[in-house]
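Below: one structure, written as C-alpha cells.
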Amino acid sequence: MTDHVTFPDAVQWAVPFFIAAILVEFLWIAIKGRGGRYETRDAITSLIMGAGNIASGFLLGFIAYAFFMWLWQITPLNLGTSIPVIVLCFVLDDLRYYWVHRFGHRVRWVWASHVNHHSSQHYNLTTALRQTWTYTFTFMMVVRAPLILLGFHPAMVLFVGGLNLIYQFWIHTEAITKMPRWFEAVMNTPSHHRAHHGRNARYLDCNYAGVFIIWDKLFGTFVPEQEDDRVDYGLVHNIGTFNPLRVAFHEWVGIWHDATQKGLSLRQRLAYCFAPPGYSHDGSRDNSNQIKAKHVARHPEDRGTPGFERFAKSEAESRSSA
Amino acid sequence: MPLEILLVLVVGGIGGIALLLHLSGRSQQVALTPDSAREQWERHFPDDDIIDVTISHDGHAALVRTGTGNGLLWSFGADTVARHLLDYDLLDHPEGFEILFHEFSAPRALIHLDEFERRHWRDLMEPA
C-alpha cells in the first residue's frame, strides 16, 4: 500500500509549550518554596539531551521510517485514518510503549539507550526532555511492526507515539502530589512516574507505563509511591558528569569494556550485552533483584510491602508481627 | 515547524532557562558536613560500614573510610557522586588533587585542599 497520509510532528510543535511549562514550574517552585528542585548544569544537560534527541530523529529517523514503510507495503490491511482508528492506535501504541520501556530496563542493550533519561538526580520538567540519542541502535522499532501489519499507517503510528511522549512530559514534576483518585487508578501520573524514577530498592523496575498505568497493574509491575519511602532520583550508581556526550554514550562504552574483557566465554559476553543491568560474570555487581534482596535483609520490616512482594513474610513472621 | 524557527526556539529556550537558573542562584554546589557526607555515602553505598569521614575545607569533597576500603564523595551540582577508590590516578593539582577514575561516566574529580589537608589526605589515601 502506498497511499499518501501525513500527520504533524507533534513533538516539534510542542517545543514552545515545553519551554513555557518549564518556566511556569520553575516560578511555582521559586514562589512556593516547594514542589521540586532545579540546578543549572543539570537542567542544561537535560535540555541539550532533548535537543539532541530531536536532531537524532532528523539524522536517523529515516531508518525506522523506511522499515515501517516496507511493512506497510507488504501488509494487505488498511484501517484508514478515522478518529476511532487513531484512538485505538493510541491505546495499542501505549501498550507497545509499555513493553519497549520494560525491555529498556531489563535488557542492557536497550538500557544503554534509555539510561540517560534516568541519569539526573533531579526530577522536574527538564528531566522529561533528557531523552536518548541512540534509540535507533536498540532496534526497538520492531516492536511497532505488529501495529503497521495490522493496518495502522506508519505516519499515524509515529503521530500517536509523539502524543504519548508529550503526555509523559507533564508527569515529570514534584509540583503535583496526587491527581484525583479515579485518574490515579487509570492514568500514569506524576506520583506513579516519580516512583519509576526512584533508585530506592523498592522502586527499581516498576511503573513502566506511558499514558495508562493499567498496563503495570495488568502485568504486575505497579508500585505506588509510598509516603514513608521518599523517592531518591537517579541511577543506582549515579554518573559524575554533565557532559552530554558522556551522558548519551556512557552505558554503550560500559558494554564495550565489559564484553571485550579477556577470558570470557561467548555466553558471558552476550550476557554483558543483553542480560538485565547489573549482570557480572564474577558476581561483583548487583542486579535489581539482588539489590532488593539485600534491602529486605537490612530492613526485614519492608518484606511484603509494595515493591517487595516477592520477599513476602513467612507465616511465622506474619503471626509474630500481628 | 520550519527548521529555522525550531532552531531559534531550542537555542533561545536553553539559553534563557540557563540564564534564569544561574541568576537565581541555582548554580551553587552543595556543601557537605560530616553528618551529611555520611548520609550521602550510605545513600550511594547502603551496604558499606563507614569508619570515618574527612571533609575538605571547602565542603565540596569527603574522603570516606569504610570497612571495604576508601571512597570519595564529592559535590555534583546540588547533589553528590561517590566512588570507591579502587581504579584511579591521583594527580597533584595547584588547588589540591585531581583524581582520574578511568571511568567514562565519572572521569575526574577536582578536590580543593590546602597544604595541610593535601598531606593528610595523601596519608589516608596511600598509607605507607
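Side notes on the structure shown:
- Shape of the stretch A:10-179 from the C-alpha gyration tensor: prolate (a/c of 1.5 or more and a/b above b/c, with a ≥ b ≥ c the square roots of its eigenvalues).
- Two-decimal log10 I(q)/I(0) for the stretch A:192-322, as the Debye equation yields it once each C-alpha is a single scatterer, q = 0.10, 0.17, 0.20 Å⁻¹: -0.43, -1.06, -1.23
- Computed FRET value (nearest 0.05) for A:Met69 with A:Val91, which takes r as the C-beta separation and R₀ as 25 Å: 0.60
- Chain B: calculated mean residue ellipticity at 222 nm from DSSP helix runs of at least 4, using -39500 (n - 2.57): -11000 deg cm²/dmol
- Simple label model, 7 Å out from Cα along Cβ direction - B:Arg108 to A:Ala312, nm: 5.4 nm
- Computed from label points 7 Å out along Cα-Cβ, the spacing between B:Glu98 and B:Val30 is 2.6 nm.
- Hydrodynamic analysis of the stretch B:1-93 uses the Kirkwood radius over alpha carbon pairs. Inserted into Stokes-Einstein at 10 °C and 1.306 mPa s, it gives a translational diffusion coefficient of 101 µm²/s.
- In order along the stretch B:77-94, the Karplus-derived 3J(HN,Hα) couplings, from 6.51 cos²θ - 1.76 cosθ + 1.60 at θ = phi - 60°, round to x, 7, 10, 9, 10, 9, 9, 6, 8, 10, 10, 7, 10, 9, 10, 5, 9, x Hz, and Gly and Pro are given as x.
- Relative packing of peptides A:114-127, B:53-66 - highest average C-beta neighbours within 10 Å first: A:114-127, B:53-66
- Cα gyration tensor, chain A - rounded (a/c under 1.5), prolate or oblate: rounded
- Per DSSP, loop trypsin sites (Lys or Arg not before Pro) in the stretch A:1-86 with at most 12 further Cβ within 10 Å: A:Arg34
- Pairs of Lys residues in the protein assembly as shown that lie 8 or more places apart, or on two chains, and have C-alpha atoms under 27 angstrom apart add up to 8.
- FRET efficiency, A:Asn289 to A:Tyr167 (Cβ-Cβ, R0 25 Å, nearest 0.05): 0.25
Bear in mind that the values in this text are calculations on the coordinates, not laboratory data. Computed from a prediction, not measured in an experiment: that's the story for all the values here. Quick reminder, even Gly has a Cβ in these numbers, built from the backbone with ideal geometry, and neighbours come from all protein chains shown.
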